[in-house]
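K.L.:
Have a look at the structure that comes next, please.
The values are calculated or read from the model by the stated rules, or taken from the named source; none is laboratory data. What you see is a predicted model; the values in this text were computed from it and never measured. Positions of Cβ are generated from backbone atoms using ideal geometry, with glycine treated the same way; all protein chains shown enter the neighbour counts.
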Amino acid sequence: MRPLIEAGRQAVQHECDQYVLAVHDWSHVHLDHAGKQDRIPLGNSQDLGYGLQGCLLVSDRQGDPLAPVVLSLEAADGVHDSRTATVRPPESQLDQVEPVMTFVKWLRLEKPVVHVIDAEADSAYHYRRWSAEPGRYFLVRADDRLVQHEGQEQGLAQVHERLREQGAFSFTRDVAYHGQGARQFVAQTRVTLTRPAYQNRRGGPRRIVRGEPLEVRLVISEVRDAQGHVLAVWYLLTNVPADIDAATIALWYYWRWRIESYFKLLKSAGQQLEHWQQESAEAFARRLVVASMACVLVWRLARSTAPQADALRRVLVRLSGRQMKRSTPFTEPALLAGLWVLLSMLALLEAHDPQDVRRWLQEALASPRDGPQCAITEL
């Protein structure tokens, strides 16, 4: 992982302004390969594979993906984690987050880190634990949980309705929603988490955990169509300092989808990891790290403004064999596919003389009747 971590460190220095976003997410790796004896059940007993967890650094400037700095695979023998050389016992998804937060702090990235997580992390117990560490910031999408607001216990949906009645929502930006144009509005207030947490652990009883009241910011984001109908709502809880406005908080959470695009690039849109033939999680995890390096290279190339980068992008798209729209000269999956072809070509040319390769091609494509002299003469 060291090259990926160093790539992340360098990118934070040059591509982040005030903060760096550390986006956490989980994904199922579905594997039909019966030779993999260490698969675990995912959705059901017949759905087997590995559990993938990642932490991806994202720029606070444009939301660009920078580099994954933590990767782990859960298999039958335990969790193969990039932070340690040993296989560790499995634990709940949320219990995996705090050690990753600590590891990211240990990396000393030169910018404060905001940990961005989807609704799986809506846990009062973990909010309190994370907030206990000075300088540790989180941004989590919450469900309609109960909070204290203006002296009353209310659900977030009630707080939402109250803010609408007060005219607290303001327009922030035009956005795309399912491919259609839409508008985003945000409002914010402060709420306090006072209720006890309920802790569930594999194979153990549900446990009530009481804690001190915790005040956090609630940022509510509405996506509306041109007629003003609400299409989507996010309830965002965060302890990020107040000098970061609500519109920026909503934008940071929107950039959480970068890690989903990363997983997609590893899966169906690029690396096809669910078809890899490695027969153990250890070997699979090693290849996952190398595949992630290719993703980082493609991200850098995609946003490079150097003249030679544009020429290379055109070459890679051509090598990929994919058709591009006039409005979209390249895509990351096309660059990744072209990069694989280019690296394969370079490996071939390093091992063999180009004239030999040309001769082999001519002989292979020659008509059996007409002989090698009628073969293709130009590559």
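Okay, residues lined up against (1) at pLDDT 95 or above; (2) of a type in the set (Phe, Trp, Tyr); (3) over 23 Å from Trp130 (Cα atoms):
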residue	(1), (2), (3)
Lys36	no, no, yes
Leu57	yes, no, no
Gln62	no, no, yes
Thr84	no, no, no
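K.L.:
Could you count how many residues in the stretch 265-294 are under 22 Å from Gly338 (Cα atoms), small (Gly, Ala, Ser), outside any helix (DSSP H, G or I) and touching a residue at least 40 places away in the same chain (Cβ under 8 Å)?
P.N.:
The number of residues fulfilling the criteria is 2.
K.L.:
Under 6 Å between Cβ atoms, which residue pairs at least 6 apart in sequence (or on different chains) link something in the stretch 344-358 that is exposed (fewer than 10 other Cβ atoms within 10 Å of the Cβ) with a partner that is of a type in the set (D, E, K, R)?
P.N.:
Short answer, once both residue conditions are applied: none.
K.L.:
Follow-up. Go over the candidates Val79, Val58 one by one and state the one that is crowded, with 17+ Cβ neighbours inside 10 Å, out of contact with any Gly (no Cβ under 7 Å at 6 or more places or on another chain) and free of Cβ contacts under 8 Å to residues at least 40 places away in the same chain.
P.N.:
Result of the check over Val79, Val58: Val79.
K.L.:
Next question, about the same structure. Of the residues Gln188, Gln152, which is over 26 Å from Val114 (Cβ atoms) and among the polar types (S, T, N, Q)?
P.N.:
From the options Gln188, Gln152, the qualifying one is Gln152.
K.L.:
How many of the residues in the stretch 242-254 are modelled with pLDDT under 95 and either among the polar types (S, T, N, Q) or part of a loop (DSSP other than H, G, I, E, B) (or both)?
P.N.:
The total comes to 2.
K.L.:
Need a quick list: strands (runs of 3 or more DSSP E) entirely within the stretch 154-212 having at least 2 residues that are modelled with pLDDT under 90 and either over 20 Å from Ala124 (Cα atoms) or in contact with a Lys or Arg (Cβ under 8 Å, 6 or more places away or on another chain) (or both).
P.N.:
170-177, 197-199
K.L.:
Restricting attention to the stretch 295-318, which residues are more than 20 Å from Leu343 (Cβ to Cβ) and in contact with an Asp or Glu (Cβ under 7 Å, 6 or more places away or on another chain)?
P.N.:
The answer is Arg303, and nothing else.
K.L.:
Can you give me the ranges of the strands (runs of 3 or more DSSP E) entirely in the stretch 16-81 with at least 3 residues that are of a type in the set (Gly, Ala, Ser) and closer than 30 Å to Leu251 by Cβ?
P.N.:
The qualifying strands (runs of 3 or more DSSP E) are 48-59.
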